[in-house]
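Inspection log for the structure reproduced underneath, given as structure tokens.
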Amino acid sequence: MATGEALDIIRQAEQFVQEELFGEASGHDWWHIERVRNTALDIAEKEHADTLVCELAALLHDIADEKLNESKEAGLDKVRSWLNGHTANTGLIEQVMEIISTMSYNGGQNPPMKTLEGEVVQDADRLDALGAIGIARTFAYSGAKGRIIHDPGLSHEVLAQEDYRSSSKTAIYHFYEKLLKLKDLMNTSYARELAEQRHAFMELYLQQFYSEWKIREVPDT
Ligand code: ADP
Ligand code: NI
């Protein structure tokens, strides 16, 4: 694709995403997208990945989020129709669709990403769930769902039971359910380095949190 054409589609994607996610208050706002795009470009450069594919997939990745659409299919259809209306490059469309449709966490159950570009974008999205920003997003998401911060009366064994209503999960529980597992799931070595720093900060945060609450028996991380 010519450079001018590539710049055009990136600019149009930015505008589309800003309009779609403006005011989204559960951690998927435009600035999440902007951070993921910038991190994806940094990793792409280090890994020699295709920057157009990474940037476009990063910009569009949350348009298809299940939580923001009636269904996963409806979300993916929205991205595909946007791409069809903005480029004739079917190879690019397929690469971006493949990444967006397979990159979500899904309890860590999804198969590995098929392309280097997919690995880069997945790492960038996961990095934004870690560290100081990840902590802020977790509490914002949890608050948006009407959940409480922490309940020391609920053991992690109870919370982990399948039949425990997920709507009652606390923000702190989300660290154990997902955030603290992410550093070992990074695809690229640069992302792993960043993830380790952010992971250490979250552990420190949890120690301070429990000490202020005067909780002595803390879960293993
Ligand atoms: P992403 O947009 O990065 O793919 P998600 O859609 O899973 O990730 O989540 C968006 C943000 O909300 C993340 O920072 C994530 O940690 C947080 N989040 C998701 N599920 C929960 C939950 N059950 N409790 C608290 N925070 C959550
Ligand atoms: Ni995201």
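If you filter segment 1-47 down to residues that are without any contact (Cβ under 8 Å) to a residue 60 or more places away in the chain and among the β-branched types (Val, Ile, Thr), you find that the one that is surrounded by the most Cβ atoms within 10 Å (Cβ to Cβ) is Ile33.
Looking at the structure I just gave you, is Ile100 away from ligand 2 (no atom under 14 Å from the Cβ) and at negative phi? Spelling it out, it is not the case that Ile100 is away from ligand 2 (no atom under 14 Å from the Cβ) and at negative phi.
Looking only at residues in segment 28-37 that are closer than 12 Å to Arg137 by Cβ and among the hydrophobic types (A, V, I, L, M, F, W, C), which one is farthest from ligand 1 (Cβ to nearest atom)? Show your work before the answer.
To start, the set of residues in segment 28-37 that are closer than 12 Å to Arg137 by Cβ comprises 28-29, 31-32, 35-36.
This time we only want the ones that are among the hydrophobic types (A, V, I, L, M, F, W, C), so: 31, 36.
Working: Trp31: 12, Val36: 8 Å.
Checking each candidate, the answer is Trp31.
Report whether or not Asn84 is closer than 20 Å to Arg11 by Cβ and polar (S, T, N, Q). Quick ask: steps written out before the conclusion?
Details: closer than 20 Å to Arg11 by Cβ: yes; polar (S, T, N, Q): yes.
For Asn84, the condition - closer than 20 Å to Arg11 by Cβ and polar (S, T, N, Q) - is met.
Residues of segment 99-118 that are of a type outside the set (Ser, Thr, Tyr) and under 16 Å from the mean Cα position of the chain (by Cα): Ile99, Ile100, Met103, Asn106, Gly107, Gly108, Gln109, Asn110, Pro112, Met113, Glu117, Gly118.
With respect to the conditions (1) assigned to a helix (DSSP H, G or I); (2) within 19 Å of His199 (Cβ to Cβ), Val121 lacks only one, and its number is (2). When Ala40, Ala25, Ala13 are checked against the criterion of being assigned to a helix (DSSP H, G or I) and within 16 Å of ligand 1 (Cβ to nearest atom), a single residue qualifies: Ala40.
Only one of the numbered conditions (1) more than 20 Å from Gln15 (Cα to Cα); (2) at pLDDT 95 or above is violated by Glu70, and that is (2). Taken over segment 33-57, the criterion of being of a type in the set (A, V, I, L, M) and under 17 Å from Gly91 (Cα atoms) is satisfied by Ala49, Leu52, Val53, Leu56, Ala57.
Just need a number here: residues in segment 75-117 that are outside any helix (DSSP H, G or I), of a type in the set (Ser, Thr, Tyr) and more than 30 Å from Tyr176 (Cα to Cα). Can you show your working first?
Our first condition is that a residue be outside any helix (DSSP H, G or I); within segment 75-117, this holds for 87-89, 103-105, 109-115.
Still in the list and also of a type in the set (Ser, Thr, Tyr): 87, 104-105, 115.
Now narrow it down to the ones that are more than 30 Å from Tyr176 (Cα to Cα): 87.
Residues that pass the stated criteria total 1.
Would you confirm, using the coordinates I've provided, whether Gly108 is under 27 Å from Gly143 (Cα atoms) and among the small types (Gly, Ala, Ser)? Here the answer is yes, as Gly108 does meet what is asked. Among the residues of segment 48-74, those that are surrounded by fewer than 22 Cβ atoms within 10 Å (Cβ to Cβ), more than 16 Å from the chain's Cα centre (by Cα) and assigned to a helix (DSSP H, G or I) comprise Thr51, Leu52, Glu73, Ala74. Do we have Leu116 as without any contact (Cβ under 8 Å) to a residue 60 or more places away in the chain and surrounded by 16 or more Cβ atoms within 10 Å (Cβ to Cβ) here? No.
Checked across segment 178-191, the condition of being among the polar types (S, T, N, Q), within 19 Å of the chain's Cα centre (by Cα), at pLDDT 90 or above and under 23 Å from Ala140 (Cα atoms) holds for no residue.
The values are calculated or read from the model by the stated rules, or taken from the named source; none is laboratory data. The structure presented is a predicted model; accordingly, all values stated were derived computationally and were not measured. Please note: Cβ atoms are built from the backbone with ideal geometry, for glycine as well, and neighbour counts cover all protein chains shown.
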